[in-house]
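To start, the structure itself, in structure tokens.
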Amino acid sequence: MPTLDELLAQVDAARDDIVKLNQDLVRIPSVNTGFMPTGNETAVCEYIRDWLAAEGVDSETLESAPGRGNIIASLKGRSGAPGLMFMAHLDVVPVEDESKWTYPPFSATIANGRIYGRGASDCKALLTAQLMASRILLRNSVELKDNLLLSFSADEESGGWYGVGWLAEHHPEKIAAPYAVNEGGGQPADAAGNLAYIINLGEKGRVQIEIEVKGESAHASVPWRGTNALYRAAQVLERIESYEPERDTSAEIFRHLSKFAIEEVPSPENIDSIVDDLETRDPAMATTLRALSRMTLAATVIQGGIKSNSVPETVNITCDSRILPHQDDEYVRGELTRLLDGIPGVSFDLDYTAISNASSADTEFMTHIQNVTEYVLDGRSIEWVPGLCVGVTDSRFTRPLGVVTYGFDGSDPEDNPLESNIHATNESVSIRTLVTSTKIMLALAYEMLAVK
């Protein structure tokens, strides 16, 4: 059986194949608008099915609805039981204004050592790395103790209800494994001149808030005879924009800030000044700490009015709120009640998308990730920091099933995570990260599963 070093050398030799695979995946526009019918993830499943079949691997596509495919496959081990699960999602967010893109968003154009396209990073980069790692194991006939389970799913960008959420409810046995590696962490950071990686153990919760603003309709030629709900909504939006949440430094990451040359012990009183000081030298870390030290509230959708010559009676505002593990719906309701106090005609409802969740950091899986990453990076010393993902991922469905799930995609240490522009104009992934991530996924599977 080849050594790990020999396998890693094959990743470098497969650079062009890695690039092509990512390009092929990006060129399948599996756009999830959040409104059915949408997604078209089955088209990606069909590509992966054929790609795996060429390596002698059978797969199963499970559709939660027409076109909403989830593909499951396994690299078989001696025991026949799963030992590790690779996870990634197949859908991508919409492109808001294609004219702003330097290259067409589904062209997967290569420029400046990067592949540009919607989904190139989120999440078809990790998908590429996990597939290529699997191919190298297969082509080298690496014997495994336990199965390497591949689970690539629909609908992550709209809550996962047609993807891992649906699998967890209807086919939990298909995604049963002791450990899983997924998106949501693994980007490099600077720790006082040393390399650091954040492994996300869990994530903040997400609450969708629906605010209704009521007025009284009237003809627009005599607007004083009505009460314009838009003007009341303007007050609501102004309050939301100026909202100052309670500061909180209870997350585990705040106990590790000394690794980033932050001498002050973080507290609710000083966290803003710490974040401000970080903005210039490490804006990615500053953003992470800002998000993890408070509940966030953002207005995202507004709807109102029925005709241009009518004073609108109702305006609806949708907000996205991300909450910390100890903050519940009662806390959110209290914040909103205080925030909107005094504006007449306003009511709101809460709709949970995700409850904050986390896996334990004290596992052999954590040790494996740390060891193989340091090995792949030529023994480079790394500071390891446990964190919470500020967004919502499919890991929220696997953790309640007993699957220890970490967010770690293994980005290259020379990359700036902010350059990926995830969910934004000119999303891209560096070819360097695709190669490094493939090596880390390969080394992780080899370390945990290979018969040596």
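A compact table of results
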quantity	calculated
The one condition in (1) closer than 24 Å to residue 361 by Cβ; (2) free of Cβ contacts under 8 Å to residues at least 24 places away in the same chain that residue 204 fails to fulfil	(2)
Residue list for the range 162-186, restricted to those being more than 30 Å from residue 418 (Cβ to Cβ) and not in a loop (DSSP other than H, G, I, E, B)	166, 167, 168, 169, 170, 172, 173, 174, 175
Breaking point among (1) over 14 Å from residue 390 (Cβ atoms); (2) acidic (Asp, Glu); (3) within 25 Å of the chain's Cα centre (by Cα), for residue 313	(3)
Test for residue 56: is it small (Gly, Ala, Ser) and buried (at least 18 other Cβ atoms within 10 Å of the Cβ)	no
Restricting the range 340-358 to residues that are open to solvent by less than 20 Å² (accessible area, probe 1.4 Å) and not in a strand (DSSP E or B), the residue that is nearest to residue 408 (Cα to Cα)	340
Unmet requirement for residue 362, which otherwise passes all of (1) more than 26 Å from residue 229 (Cβ to Cβ); (2) open to solvent by 20 Å² or more (accessible area, probe 1.4 Å); (3) part of a strand (DSSP E or B)	(3)
Single match in 27, 68 (criterion: open to solvent by less than 10 Å² (accessible area, probe 1.4 Å) and out of contact with any strand residue (DSSP E or B) (no Cβ under 8 Å at 6 or more places or on another chain))	68
Residue match in the range 12-25 (condition: part of a strand (DSSP E or B), touching a Ser or Thr at 6+ places or on another chain (Cβ under 6 Å) and either under 28 Å from residue 423 (Cβ atoms) or polar (S, T, N, Q) (or both))	no
Test result for residue 106, surrounded by 18 or more Cβ atoms within 10 Å (Cβ to Cβ), of a type outside the set (Gly, Ala, Ser) and either in a loop (DSSP other than H, G, I, E, B) or modelled with pLDDT under 95 (or both)	yes
Hits in the range 179-206 (condition: surrounded by 24 or more Cβ atoms within 10 Å (Cβ to Cβ) and β-branched (Val, Ile, Thr))	181, 198
Scan of the range 30-85 for residues that are closer than 22 Å to residue 141 by Cβ and assigned to a loop (DSSP other than H, G, I, E, B), ordered by number	54, 55, 56, 57, 58, 76, 77, 78, 79, 80, 81
Residues satisfying the stated conditions in the range 30-42, i.e. loosely packed, with under 15 Cβ neighbours inside 10 Å and in contact (Cβ under 8 Å) with a residue 12 or more places away in the chain	33, 34, 36, 37
Flag if residue 411 is among the small types (Gly, Ala, Ser), within 28 Å of residue 175 (Cα to Cα) and out of contact with any Ser or Thr (no Cβ under 6 Å at 6 or more places or on another chain)	no
Selected residue (only one of 438, 405 is under 19 Å from residue 18 (Cβ atoms), modelled with pLDDT of 95 or more and under 22 Å from the mean Cα position of the chain (by Cα))	438
So residue 367, is it under 24 Å from residue 85 (Cβ atoms), exposed (fewer than 15 other Cβ atoms within 10 Å of the Cβ) and without any contact (Cβ under 8 Å) to a residue 24 or more places away in the chain	yes
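Listed here are the residues, each with its yes/no results for (1) of a type in the set (A, V, I, L, M, F, W, C); (2) crowded, with 21+ Cβ neighbours inside 10 Å.
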site	(1), (2)
126	yes, yes
141	no, no
145	no, no
149	yes, yes
161	yes, no
164	yes, yes
172	no, no
177	yes, yes
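Matching residues to (1) in contact with a Phe, Trp or Tyr (Cβ under 7 Å, 6 or more places away or on another chain); (2) at pLDDT below 95; (3) hydroxyl-bearing (Ser, Thr, Tyr):
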| site | (1), (2), (3) |
| --- | --- |
| 184 | no, yes, no |
| 190 | no, yes, no |
| 210 | yes, no, no |
| 213 | no, no, no |
| 220 | no, no, no |
| 223 | no, no, no |
| 228 | no, no, no |
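The values are calculated or read from the model by the stated rules, or taken from the named source; none is laboratory data. Since we're looking at a predicted model, the values are computed, not measured. Don't worry about glycine lacking a Cβ; one is built from the backbone with ideal geometry, like all the others, and counts go over all protein chains shown. The protein model used for the area step is the full one, side chains on, heavy atoms only, and it has no ligands, DNA or RNA in it. Shrake-Rupley method; radii C 1.70, N 1.55, O 1.52, S 1.80 Å.
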